[in-house]
Amino acid sequence: MMDLRLRGTRVLLGVTGSISAYKAVHLLRTFMSHGADVSVVMTQAATQFVTPLTFEVLSKHAVATDLFTGHENMPHLSLPESADIIVLAPCTANTIASYALGLANDLLSTLLLTTQCPVVIAPAMDGDMWEHAAIKGHVQVLRERGVVVLEPEVGELASGKIGRGRLPEEKTILNAVVETIRSFNDLAGHRMLISAGPTREPLDAVRFLSNGSSGKMGYALARAAEARGAEVILVSGPTNLDVPFGVELIAVNTAEEMFQALLSRFDSSTVLMMTAAVGDFRPRYVLDQKFKKRQWNGEPLELEPTTDILSALSARRTEQVLVGFAAETNDLIANGKEKLQKKRLDMVIVNQVGGPDSAFGNDTNEVAILTKNGQVNQLPRLAKHVLADKILDEIHTFTASSTVTPHESLSQ
């Protein structure tokens, strides 16, 4: 039986100026043997190692090498738009640096700045180049952006030295492409309801009670979930963040407004991620006008509890997966487990608030993921957009093994 793991997949193969460029010829044929439709883009340096005609004959597609050839078709836009995945193999140090820095020097580097599809990089270069601090920094930047950068192999290099810099094995590249394609739309069919940001409870016409949540984690989750194929409804308190592309935003202020917005969409959702830092209390009395300092005679501010949104939604759940976030200052795991059990959740993401490493306002976060199955996954400090995908990986694994199914209207 033929292995057609890439059947119907449109692969855009980028070949750069490495001595390993000849290996891309066999990689092209391997992709095609697994059912892929492959188009090739070559840098000018790559054409010094292998002629474009070789790739053209094998792929049965014209090979693109020039940003200005066929300019009426705008190849830097049309090529990535027609691709399901871009694979750079071999990828030189220069191309890695250009991509990380956002440079647009030629057709390949320009189309990389326009693509919305996943990118897999298979590096090939001298070992000293791979170990250089600049390249290490560029690779880290690309990985944080979601680009899959493979580790080169150890072996004899073109210089005759033994080191890490050889193009990864063809099987390694193939498996990375298959896995990336599989994960890119792994949340398709799910309708994800995500809350984000702080809530504001008015004291008078100009003042309110709130907290330091920036909304960055919730927005990162919304952006990542949409990129992985989910339909996303983002219920957000006040933030200064841009709405992620393709995400439906419901803007709210108070805890009650957030509760009502979530309630209105909860029954038709498959996953709820309660990322928002919802205020636990609100003033019992709210003044219509600004309260003057001279009017205060020392009486205490009377507060009353807000609706416990997670508990209320948990009580009416059917098959939804409920994911809570616990912002804690101490005893993170113990408090997270208590919240998990008390609110009957499937998963809790526990993070530290307060101090210089607080989750509030930072672009990075360090969390522990607790599941109702008793698992505790402690993650290192990561950029929030990277952490978002790690959390979604856990949710995807959980939903795949549970009774949760994509919403009927989305799967038709």
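The values are calculated or read from the model by the stated rules, or taken from the named source; none is laboratory data. Quick caveat, the model's predicted, so the values are computed rather than measured. Because the Cβ atoms are built from the backbone with ideal geometry, glycine has one as well, and the counts that use them run over all protein chains shown.
Could you list, in sequence order, all residues of segment 253-281 that are touching a strand residue (DSSP E or B) at 6+ places or on another chain (Cβ under 7 Å), under 24 Å from L187 (Cβ atoms) and in a loop (DSSP other than H, G, I, E, B)?
Matches in segment 253-281: S268, S269, T270, T275, A276.
Quick one: how many residues across segment 134-150 are among the β-branched types (V, I, T) and in a helix (DSSP H, G or I)?
Kept after step one, since they are among the β-branched types (V, I, T), are these residues of segment 134-150: 135, 139, 141, 147-149.
Checking the rest, the ones that are also in a helix (DSSP H, G or I) come to 135, 139, 141.
Looking only at that region, the number is 3.
Are there any pairs with C-beta distances below 7 angstrom linking a residue in segment 297-325 that is at positive phi and not assigned by TED's automatic domain parsing to the domain that holds A276 to a residue that is part of a loop (DSSP other than H, G, I, E, B) and at pLDDT 90 or above, with the two at least 6 apart or on different chains, and if so which?
Once the first residue is at positive phi and not assigned by TED's automatic domain parsing to the domain that holds A276 and sits in segment 297-325, no partner that is part of a loop (DSSP other than H, G, I, E, B) and at pLDDT 90 or above comes close enough.
Assuming N240 fulfils every condition listed in (1) under 18 Å from N362 (Cα atoms); (2) buried (at least 24 other Cβ atoms within 10 Å of the Cβ) apart from one, which condition is it?
So N240 meets the others, but not (2).
Looking at segment 196-217, can you tell me whether even one residue there is assigned by TED's automatic domain parsing to the domain that holds I349, within 13 Å of the chain's Cα centre (by Cα) and part of a helix (DSSP H, G or I)? Talk me through it step by step, then tell me what you get.
At the first step, the residues of segment 196-217 found to be assigned by TED's automatic domain parsing to the domain that holds I349 are 196-217.
Now restrict to residues that are within 13 Å of the chain's Cα centre (by Cα): 216-217.
Imposing the further condition that a residue be part of a helix (DSSP H, G or I) reduces the set to 216-217.
Yes; the residues of segment 196-217 include at least one that is assigned by TED's automatic domain parsing to the domain that holds I349, within 13 Å of the chain's Cα centre (by Cα) and part of a helix (DSSP H, G or I).
I need the full set of residues from segment 31-43 which are out of contact with any helix residue (DSSP H, G or I) (no Cβ under 6 Å at 6 or more places or on another chain) and either without any contact (Cβ under 8 Å) to a residue 12 or more places away in the chain or of a type outside the set (A, V, I, L, M) (or both), in order please.
F31, S33, H34, G35, D37, S39
Just for helices (runs of 4 or more DSSP H) wholly inside segment 53-133: which have at least 1 residues that are surrounded by fewer than 16 Cβ atoms within 10 Å (Cβ to Cβ)?
Working: elements: 75-81, 93-101, 107-112, 127-131.
The qualifying helices (runs of 4 or more DSSP H) are 75-81, 93-101, 127-131.
Any residue in segment 128-145 that is at pLDDT below 95, over 23 Å from A383 (Cβ atoms), in the same structural domain as N175 (by TED's automatic domain parsing) and not charged (D, E, K, R)?
The answer is yes, given that some residue of segment 128-145 is at pLDDT below 95, over 23 Å from A383 (Cβ atoms), in the same structural domain as N175 (by TED's automatic domain parsing) and not charged (D, E, K, R).
For segment 151-174, what are the residues that are surrounded by 13 or more Cβ atoms within 10 Å (Cβ to Cβ), outside any strand (DSSP E or B) and either touching an Asp or Glu at 6+ places or on another chain (Cβ under 6 Å) or not small (G, A, S) (or both)?
P152, L157, L167, P168, E169, E170, T172, I173, L174
Kindly evaluate L313 against the criterion of being assigned to a helix (DSSP H, G or I) and not small (G, A, S).
Working: assigned to a helix (DSSP H, G or I): yes; not small (G, A, S): yes.
Yes; evaluated as a whole, the condition is true for this residue.
Restricting to segment 1-30, what's the tally of residues that are in contact with a helix residue (DSSP H, G or I) (Cβ under 9 Å, 6 or more places away or on another chain) and surrounded by 23 or more Cβ atoms within 10 Å (Cβ to Cβ)?
Qualifying residue count, segment 1-30: 12.
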